[in-house]
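Chemist: First, the structure itself, so that you have it in front of you.
No value in this document is a laboratory result; all are computed from the given coordinates. Everything numeric in this text was worked out from a predicted model, so none of it was measured. Note that we place each Cβ from the backbone using ideal geometry, even for glycine, and neighbour counts take in every protein chain shown.
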Amino acid sequence: MARLTLGGTDLSVVGRTRIYVCGVTPYDVTHLGHAATYVWVDAVDRVLRRLGSSVEVCRNVTDVDDVLFAAAERAGGHYDQFAAVQQFRFEQDMDALAVRRPTHEPRAHVFIPQVIALAQTLLDRGAAYESAGSVYLPAAPVVAGLDPAEAERLLKEYGGRLDDPAKRDPFDQAVWQRSDAPEPAWESPWGAGRPGWHAECTAMALSTYGSSLDLHAGGADLRFPHHAFEAAQAEAATGVSPFARAWMHVGIVQLEGQKMAKSVGNLVFAKDLLAETSAGTVRTMLLDRAFDQAWDYTPEVLQQAGARLDALYAAAGTKTSSDSAWEQVLAALAAGLDVPRALDIAVEEGGQVARDLTTLLAL
Ligand SMILES: [Zn+2]
């Protein structure tokens, strides 16, 4: 049995671990925020494997999305073709960062029938309502217990279409959204439309793993509303709770205190860093910290990671080391993925322990 704790949750697994991580919307180059999420998922994948679990990772492709349609239009191409090219570039970046390929890579645009089935199930169970060609999940049960001001701020930032007059409550989230030309649209029992963002992930996760999964990962900015609604509609559709046994919300990467985002224009691209330093150094920078804390990228942080990795490599060339030190390294990783402590032990112990940690974390 593999035993791992994450964010205070005991994630003991017998045999298989089912991991789902929200993938990218393929319209842009991979930035450090993306890299952090997928390198951390890669780390938990590798650690669980080392602890004896057979791990499956499902990383979806959100290729049905407003920002993607808009970007494709600006580039003058069909969105499907545009998404395929962007997705290929993203996968090249993931390969360059030594992120293992996912076991499952569902694409939203081929899961339209499953989203329609999800919407129909939610309607049949009385958990959603249909209005003017769209199907909505009521927000009230999902936001209950949250700070109302914070919930409102996040829904305004990520909730989309708050002014949609078909909603009973502006914060309700579309499971199925009526489409108005010229957006891409698919036929449904409620007319032409397309999936809601949260519903895409729910449909792909349920289709891949059944009614629940072991670990759901994603950037910390997806915690609400995306993950909250994704889980709520999965649980309402299946009756199985919790949808995810554990959550891994990877800390936001900032530049001068501000979240890295295309809309802000403060992106640091993974490929630019990889042009000047090794994947091991970038991975060390991303992993040598608490996974759930926001942090600021600076060139100095990257330099420090390079020095840290040099120390590990130097230690790896020294004397042979003890089994007990390796057990301590594994214990540190199993206790909330404490990579800083695992690195400290490996650098101090050196020898085989340092070599094994280098291999385990692909540094
Ligand atoms: Zn998602």
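Chemist: Taking the alpha-carbon set of segment 104-226, what are its Rg and Dmax in Å?
Modeler: Cα radius of gyration and Dmax of segment 104-226 are 14.4, 39 Å respectively.
Chemist: In terms of the Cα gyration tensor, with a ≥ b ≥ c the square roots of its eigenvalues, is segment 297-363 rounded because a/c is under 1.5, prolate because a/b exceeds b/c, or oblate?
Modeler: In terms of gyration-tensor shape, oblate.
Chemist: How fast does the chain diffuse by Stokes-Einstein, in µm²/s, taking the Kirkwood radius from C-alpha pairs at 10 °C and 1.306 mPa s?
Modeler: Values: Rh = 21.5 Å.
In µm²/s, the coefficient rounds to 74.
Chemist: Pairing the Cα long axis of helix 228-238 with the longest principal axis of the chain, what angle in degrees results, from 0 to 90 and rounded to the nearest 10?
Modeler: Long axis of 228-238 versus the principal axis of the chain: about 70 degrees.
Chemist: Here's something else I'd like to know. Given the options S278, S12, S263, which has the most mean-square fluctuation in a GNM of the chain, springs set between C-alpha atoms less than 10 angstrom apart?
Modeler: Largest GNM mean-square fluctuation: S263.
Chemist: Starting at 0 and stepping by 10 Å, how many percent of the alpha carbon pairs of segment 187-279 end up in each bin?
Modeler: Taking all Cα pairs of segment 187-279, the binned fractions are 14, 33, 26, 21, 5, 0 percent.
Chemist: Using a/c under 1.5 as the rounded threshold, could you call segment 235-363 rounded, prolate or oblate? The axes a ≥ b ≥ c are square roots of the C-alpha gyration tensor eigenvalues, and prolate needs a/b larger than b/c, oblate otherwise.
Modeler: Details: a/c = 2.72, a/b = 1.21, b/c = 2.24.
Note, shape of segment 235-363 comes out oblate.
Chemist: Separate question: Among P165, P225, P242, which one shows the highest mean-square fluctuation when the chain is modelled as a Gaussian network with alpha-carbon springs under 10 Å?
Modeler: P165
Chemist: What is the distance in Å between the Cα centroid of segment 72-150 and that of segment 317-363?
Modeler: Computed from Cα coordinates, the inter-centre distance equals 38 Å.
Chemist: Can you say what percent of the DSSP beta bridges in the chain, counting only those with both residues inside, are antiparallel? Round to 5.
Modeler: Numbers: 16 of 36 bridges.
Close to 45 percent.
Chemist: Starting from the Cα of R74, step 7 Å along the direction of its Cβ; do the same at A144; then give the gap between the two resulting points in nm.
Modeler: Computed distance between label sites R74 and A144 equals 4.1 nm.
Chemist: Something else now. What percent does the relative contact order of segment 42-116 come to when contacts are Cα pairs within less than 8 Å and at least six residues apart?
Modeler: 45
Chemist: Where does helix 112-124 land angle-wise versus the long Cα axis of the chain, in degrees 0 to 90, nearest 10?
Modeler: For helix 112-124, the angle is close to 70 degrees.
Chemist: Now for a different question. Where does helix 148-158 land angle-wise versus the long Cα axis of the chain, in degrees 0 to 90, nearest 10?
Modeler: Result, in degrees: 90.
Chemist: Is segment 51-136 rounded, prolate or oblate when judged by the Cα gyration tensor, a ≥ b ≥ c being the square roots of its eigenvalues, rounded requiring a/c under 1.5 and prolate requiring a/b larger than b/c?
Modeler: Oblate, since a/c reaches 1.5 and b/c is not below a/b.
Chemist: May I pose another question? Could you tell me which of A199, T5, L118 has its Cα farthest along the dipole of the chain towards the positive end, charges placed at Cβ (Lys, Arg +1; Asp, Glu -1), taken about the Cα centre?
Modeler: Value computed over the given set: T5.
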